[in-house]
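Structure, as structure tokens:
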Amino acid sequence: MAYFGRRLQTIFLLLIIFVVVWLPCVSTSVISSEGTCSSDGMEQDCDYKGVNDSYSSETPEDDTDTDDDDERTLTITHKDGNNKETVTIELGDDLLHRIHLALQESGVLSDDKERIQQIAMEEVHKWHAEEQDNEKLRWQHQQSKQQQQLLEQTDFPYTLQPPPPPVKGEYSLKFVQQEWSPPGGHRYAEYATGQSPYFLTSELKKQSDDIARLRRPYIKRAMEHAWKGYVDHAFGADEVRPQSKQGTNHWGGISVTLVDSLDTLLLMNMTQEFRHARDYVQHELSHDQNRKVSVFETTIRSLGGLLSAYDWSRDAVFLEEAMDLARRLMRAFEHPVAGETILPFGEVNLQSGSCNMIPWAGGNAILSEFGTLQIEFRYLDEIMRTRETRRFRDKVETIFELLHEMSPDNGLFPYYMKTDHTTDQTAPKELGRSSSNRLKKKKKANNDPQNKPFFTNDHLTFGAMADSFYEYMLKIWLQGGKTEPMYRDMYDKAMQGMHDELLHVSTPSGLTYLADQVGGGNNKRKRIHHKMDHLCCFVGGMLALGAYTDPLGLESPRAQRDLETAKALTYTCYQMYARMNTGISPEYVEFSAGEDFKIGKGAPHYLLRPETVESMYILNVLTGDPIYREWGWEIFQSIEKYCRTHVAYGSLKNVQEETSNPRDDMESFFLAETLKYLYLLNDPDSKIDILNKHVFNTEAHPMRIFPVIEQDLKEDARQK
């Protein structure tokens with residue numbers, strides 16, 4: 001520990017010289033071509049290598065290509081009378097960048113050298129404190145391993161390894177490219193059944209927390225890389241193309257990546273970047289686009305992103321834009337002939353309001369789409385509390401009331417529904433809070449029972465087309481403070497049906513998985529498709545959250561069953577990653593007797609999906625088991641190694657090909673969900689409380705639950 005203290009003191013003294021003597025020259029861009037700086041009547045000869053004439057916040061386009069030996073150095077010769085002293089300092093991008101941002105944010109004038117030095121010194125102090133904290137954590141990690149046998153005994157057999165230390169204060173990810181090789185699957189087999197195989201001591205959990213804090217900056221570094229690529233090459237566009245370095249607007253031209261990333265920037269303390277994005281939302285973002293958008297995707301990504309940004313910042317700019325977008329999306333509930341409908345159309349033109357069903361769905365409405373609008377519009381009404389937002393809320397809640405009435409015996413819903421829009425379906429615009437009255441009046445307005453929505457297939461799945469509908473059964477109940485039993489009843493019934501109908505175990509490894517089922521109704525033969533989508537991997541987190549909030553109690557047989565299944569499914573999802581050459585999961589896998597699973601036909605690709613790390617995050621928060629952080633860290637390193645491009649990250653064409661380049665696309669959910677969940681998985685200091693204060697929408701946008709909003713409103717009123 002003494003060694004670390006001496007090394008840091010030396011670095012600190014060198015940095016003071018750098019800040020006091022050289023930074024004013026840099027800040028005012030007055031380094032001469034001969035390398036001489038002038039300050040306060042004294043002369044310093046500044047010879048430099050790798051340092052630009054005027055400092056720029058730009059970082060190398062791809063730091064993985066930078067040679068370790070090509071270090072930036074600054075040699076300062078300080079002259080005072082006949083005395084001369086020369087000091088050489090090695091400079092890291094992180095420290096230079098943070099000083100530059102601090103100077104920009106302060107608005108200091110270029111000739112105010114005293115203030116410039118003061119600000120720079122403050123940043124050096126902060127950097128020094130962070131370095132001390134990190135070194136202390138590493139020292140504590142070493143000490144805890146030695147003390148563990150003396151303090152508490154755990155049978156946890158795995159060593160928790162911290163990442164490499166930063167180099168000159170810079171959290172470079174080059175070590176992943178140089179050192180990481182996916183270790184392969186079939187490991188940690190004791191977790192396959194969903195049991196808790198080891199006794200987890202408080203000391204073990206503390207050790208995991210300390211290592212997580214050391215990993216956290218590296219995940220933030222990945223977000224900084226992806227965000228910089230978006231800002232440099234596609235700022236304001238829907239997405240950046242990570243290979244061709246240009247923007248694309250296939251989500252309607254409403255800055256989807258920017259809005260989807262707002263709360264990620266906040267949660268990772270990327271304050272400068274958040275303010276830049278916030279200003280764009282205020283001054284340039286426009287939803288008045290003459291283009292059709294997906295009602296579902298725009299709700300969860302854009303509306304959810306704006307609402308979460310408001311919830312965490314309380315900045316009215318986001319709420320104003322959310323209201324504008326909500327009004328445009330609500331026109332999807334208006335049929336051009338029949339009037340107001342129960343189920344929304346899948347697409348709506350944000351400018352004209354014209355709408356239609358999604359073309360490839362055969363005129364059907366999709367369960368996961370109309371069943372995943374409620375968290376967002378309910379939150380908007382809870383904040384705004386106007387007649388208009390109450391009407392929005394009624395529309396989306398009526399969908400669940402209809403489905404509750406139509407609920408099959410096993411609680412599982414086919415994913416296609418259709419409504420005959422040939423006659424008037426206009427229902428009275430009830431603003432009351434009686435859900436049963438709302439639905440009755442809609443029915444009364446429609447005397448023809450054939451015009452009631454009906455199922456058009458018999459396909460049961462927890463993957464694509466249905467997934468987030470089941471997620472919202474639980475989360476709506478949590479959002480409302482557990483006061484609306486209909487949603488929890490639907491959830492518990494569906495989870496029973498899932499266990500009875502869709503849950504299977506592979507051979508020879510005993511991997512738990514969720515199959516699809518087709519048929520079984522109206523005397524049709526039941527067929528099981530033994531496949532599981534990566535999308536299904538959210539179920540582990542959902543089941544764990546449901547178990548810990550079960551009205552019967554966590555120790556009840558039902559909750560224990562669900563928690564065991566949650567752990568078993570998440571282990572299977574981890575194996576979907578670990579058994580691939582790149583350590584990254586394909587889009588879906590197919591199970592067969594005697595060989596567990598193989599890549600699904602036509603599905604070797606990876607779209608930067610978040611569901612597996614989402615479940616690992618939730619299970620780690622709830623159980624404290626450090627194994628989920630270890631698995632998540634493996635996944636992060638594989639993504640960093642195989643998906644990184646010069647400017648961002650790209651999807652993979654084939655997860656078995658280790659030498660192929662990433663594709664030219666990066667979904668907004670990679671920043672909104674995948675990197676966010678990886679960061680939160682390694683953030684034991686997060687303010688998010690998934691049991692008592694917050695609920696995530698299906699795009700990983702966390703918002704306060706209603707009792708917390710009510711409490712905050714009362715507190716605000718008292719302070720006024």
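The values are calculated or read from the model by the stated rules, or taken from the named source; none is laboratory data. This one's a predicted model, so the numbers in the text were calculated from it and none came from an experiment. Neighbour counts are summed over all protein chains in view; Cβ atoms, including those assigned to glycine, are modelled from backbone coordinates with ideal geometry. Please note that ligands, DNA and RNA were not included when accessible areas were found on the heavy atoms of the full protein model with its side chains. Shrake-Rupley method; radii C 1.70, N 1.55, O 1.52, S 1.80 Å.
Return yes when R527 is among the basic types (K, R) and within 24 Å of Q374 (Cα to Cα) and no when it is not. Explain how you work it out, then say what you get.
On the way: among the basic types (K, R): yes; within 24 Å of Q374 (Cα to Cα): no.
The answer is no for R527.
Suppose we filter segment 579-621 for residues that are hydrophobic (A, V, I, L, M, F, W, C), under 16 Å from H529 (Cα atoms) and touching a residue at least 40 places away in the same chain (Cβ under 8 Å); how many remain? Spell out how you get there, then give the answer.
Our first condition is that a residue be hydrophobic (A, V, I, L, M, F, W, C); within segment 579-621, this holds for 580, 584, 589, 591, 593, 597, 599, 603, 607-608, 613, 616, 618-619, 621.
Subset that is under 16 Å from H529 (Cα atoms): 589, 591, 593, 597, 599, 603.
Now restrict to residues that are touching a residue at least 40 places away in the same chain (Cβ under 8 Å): 589, 591, 593, 597, 599.
Selection size over segment 579-621: 5.
Keeping to segment 186-223, report how many residues are hydrophobic (A, V, I, L, M, F, W, C) and over 29 Å from E170 (Cα atoms).
If we filter segment 186-223 for residues that are hydrophobic (A, V, I, L, M, F, W, C), which is where we start, we get 189, 192, 199-200, 204, 211-212, 214, 219, 222-223.
Subset that is over 29 Å from E170 (Cα atoms): 189, 192, 199-200.
The qualifying residues number 4.
Quick one: in segment 239-275, which of the residues that are buried (at least 24 other Cβ atoms within 10 Å of the Cβ) and polar (S, T, N, Q) is farthest from A226 (Cα to Cα)?
Of everything passing the filter in segment 239-275, S255 is farthest from A226 (Cα to Cα).
Considering only residues that are open to solvent by 10 Å² or more (accessible area, probe 1.4 Å) and touching a helix residue (DSSP H, G or I) at 6+ places or on another chain (Cβ under 8 Å), which ones fall in segment 630-644?
Here is the first cut: in segment 630-644, the ones open to solvent by 10 Å² or more (accessible area, probe 1.4 Å) are 630, 633-634, 637, 641-642, 644.
Residues satisfying the conditions are W633, E634, Q637, K641, R644.
Restricting the first residue to segment 272-296 and requiring it to be charged (D, E, K, R) and modelled with pLDDT of 95 or more, which pairs with a second residue that is in a helix (DSSP H, G or I) and open to solvent by less than 50 Å² (accessible area, probe 1.4 Å) meet a Cβ separation below 8 Å and a spacing of at least six or different chains?
From segment 272-296, the pairs are E273/W227; E273/V231; E273/L265; R278/L262; R278/A309; R278/S313; R278/V317; R278/F318.
If I filter segment 564-585 down to residues being in a helix (DSSP H, G or I), touching a Leu at 6+ places or on another chain (Cβ under 7 Å) and over 17 Å from E471 (Cβ atoms), which single residue comes out as most open to solvent (accessible area, probe 1.4 Å)?
K567
Being closer than 25 Å to P336 by Cβ, β-branched (V, I, T) and out of contact with any strand residue (DSSP E or B) (no Cβ under 8 Å at 6 or more places or on another chain), is that true of even one residue in segment 373-387?
Checked segment 373-387: no residue is closer than 25 Å to P336 by Cβ, β-branched (V, I, T) and out of contact with any strand residue (DSSP E or B) (no Cβ under 8 Å at 6 or more places or on another chain).
State whether one or more residues within segment 462-475 are modelled with pLDDT of 95 or more and farther than 23 Å from I375 by Cβ.
Of segment 462-475, the ones modelled with pLDDT of 95 or more are 462-475.
Then drop every residue that is not farther than 23 Å from I375 by Cβ, which leaves none.
Checked segment 462-475: no residue is modelled with pLDDT of 95 or more and farther than 23 Å from I375 by Cβ.
What pairs can you find where one residue is in segment 381-402 and under 18 Å from D311 (Cα atoms), the other is open to solvent by 40 Å² or more (accessible area, probe 1.4 Å), and their Cβ atoms are less than 7 Å apart, with a gap of 6+ or different chains?
Within 7 Å, no pair qualifies.
Residue-wise test of (1) in a loop (DSSP other than H, G, I, E, B); (2) modelled with pLDDT of 95 or more; (3) open to solvent by less than 20 Å² (accessible area, probe 1.4 Å); (4) within 30 Å of D210 (Cβ to Cβ).
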position	(1), (2), (3), (4)
R663	yes, yes, no, no
F670	no, yes, yes, yes
E699	yes, yes, yes, no
Q711	no, yes, no, no
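How many residues are out of contact with any His (no Cβ under 8 Å at 6 or more places or on another chain) and part of a helix (DSSP H, G or I) when one looks only at segment 311-347?
Of the residues in segment 311-347, 17 are out of contact with any His (no Cβ under 8 Å at 6 or more places or on another chain) and part of a helix (DSSP H, G or I).
Of the residues that make up segment 288-300, is at least one within 30 Å of L101 (Cβ to Cβ) and either open to solvent by 10 Å² or more (accessible area, probe 1.4 Å) or not small (G, A, S) (or both)? Can you show your working first?
Of segment 288-300, the ones within 30 Å of L101 (Cβ to Cβ) are none.
No, the conditions are met nowhere in segment 288-300.
Looking at (1) in contact with an Asp or Glu (Cβ under 8 Å, 6 or more places away or on another chain); (2) touching a residue at least 40 places away in the same chain (Cβ under 8 Å); (3) open to solvent by 50 Å² or more (accessible area, probe 1.4 Å), which one does I528 not meet, given that it meets all the others?
(2)
Scanning for something surrounded by 19 or more Cβ atoms within 10 Å (Cβ to Cβ), closer than 28 Å to D260 by Cβ and in contact with a helix residue (DSSP H, G or I) (Cβ under 8 Å, 6 or more places away or on another chain), does segment 176-194 turn up at least one residue?
Yes, some residue in segment 176-194 is surrounded by 19 or more Cβ atoms within 10 Å (Cβ to Cβ), closer than 28 Å to D260 by Cβ and in contact with a helix residue (DSSP H, G or I) (Cβ under 8 Å, 6 or more places away or on another chain).
Only one of R216, R241, R221 is in contact with a strand residue (DSSP E or B) (Cβ under 8 Å, 6 or more places away or on another chain), at pLDDT 95 or above and basic (K, R); which? Walk me through how you get there before you give the answer.
Details: R216 fails: in contact with a strand residue (DSSP E or B) (Cβ under 8 Å, 6 or more places away or on another chain); R221 fails: in contact with a strand residue (DSSP E or B) (Cβ under 8 Å, 6 or more places away or on another chain).
Unique residue meeting the criteria: R241.
Going by the conditions given, is E334 open to solvent by 40 Å² or more (accessible area, probe 1.4 Å), at pLDDT below 95, over 25 Å from E471 (Cβ atoms) and in contact with a Gly (Cβ under 8 Å, 6 or more places away or on another chain)? Full working, then the answer.
On the way: open to solvent by 40 Å² or more (accessible area, probe 1.4 Å): yes; at pLDDT below 95: yes; over 25 Å from E471 (Cβ atoms): yes; in contact with a Gly (Cβ under 8 Å, 6 or more places away or on another chain): yes.
So E334 fits the description; yes.
Is it true that S202 is surrounded by 20 or more Cβ atoms within 10 Å (Cβ to Cβ) and farther than 30 Å from S244 by Cβ?
On the way: surrounded by 20 or more Cβ atoms within 10 Å (Cβ to Cβ): no; farther than 30 Å from S244 by Cβ: yes.
So S202 fails the test.
Where the second residue is crowded, with 17+ Cβ neighbours inside 10 Å and basic (K, R) and the first is touching a residue at least 12 places away in the same chain (Cβ under 8 Å) and lies in segment 471-484, which pairs have Cβ atoms under 6 Å and are six or more apart or on separate chains?
These pairs meet every condition: W477/R488.
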